[in-house]
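Below is one structure, written out as structure tokens; comments come after it.
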Amino acid sequence: MQVISLIVLLVWHTDPNPIFQASKKYGVTLNKLDLMKHIVYMFEIEDISRVTTHQLIRHRLASYDQESQRFSAASRETFVVPPSVSSKKESKELFEKTVNQVMEVFEKLVALGIPKEDARYIIPHSIKTKLVMTLSAASLQHIASLRTTPQAQWEIRSLVSKMYELAKQATPEIWNV
């Protein structure tokens, strides 16, 4: 999994102190959350499973554009193998054998004239995909509070932790207010 790039869209300068001072001058009180609602991050994310994207898109205070399996070459894609599976030789071999068999069936269905969009129903959710995700700093903070806990599934926990760290590196003034 990798976060390919991060674009930070700032409505104003990243140093929050002048913003807080200006707001006080006009009788407006801004707190950290108010400020975080106006800072937007755009993440380009690759090599995550559809299992994780299904969890990620449950967070509705973000916008997503995900790669379409209908138009991608699914047969050339690779798969995310959970660490619990890859840590044991027998389970890893079984996982890989099964995924390969399923992809062979996918190719045979397409060769038989089944439309790709119908044949893809057989593809495992572990197939790698990519997406672009846009969200505010406040939304990222909320998602991180839920998805970086020990109870969160390992792949989304890793992804959101990376996103959170990149955001803090890009706009440290906001996260340290």
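Here are a few things to note about the model shown:
- Three-way shape label, region 76-126, alpha-carbon gyration tensor, a/c 1.5: prolate
- Charge dipole of region 67-177 (Cα centre as origin; +1 on each Lys and Arg Cβ, -1 on each Asp and Glu Cβ, all else neutral): 100 debye, rounded to the nearest 20.
- Placing +1 on each Lys and Arg Cβ and -1 on each Asp and Glu Cβ, with no other charges, gives region 81-120 a dipole about its Cα centre of roughly 140 debye.
- When region 123-177 is described by a simple charge dipole with +1 on each Lys and Arg Cβ and -1 on each Asp and Glu Cβ, the residue from Trp154, Ala144, Ile127 located farthest towards its positive end is Ile127.
- Between Val81 and Glu117, the FRET efficiency estimated from the beta carbon spacing at R0 = 22 angstrom works out to 0.25.
- For Lys128, distant residues with modelled amide H under 5 Å away: Thr78, Phe79, Val80
Taken together, the values in this text are just the output of simple stated rules run on the coordinates, not laboratory data. Nothing here was measured: the structure is a model prediction, and the numbers come from that model. A quick note on method: Cβ atoms are made from the backbone with ideal geometry, for glycine too, and the neighbour counts reach across all protein chains shown.
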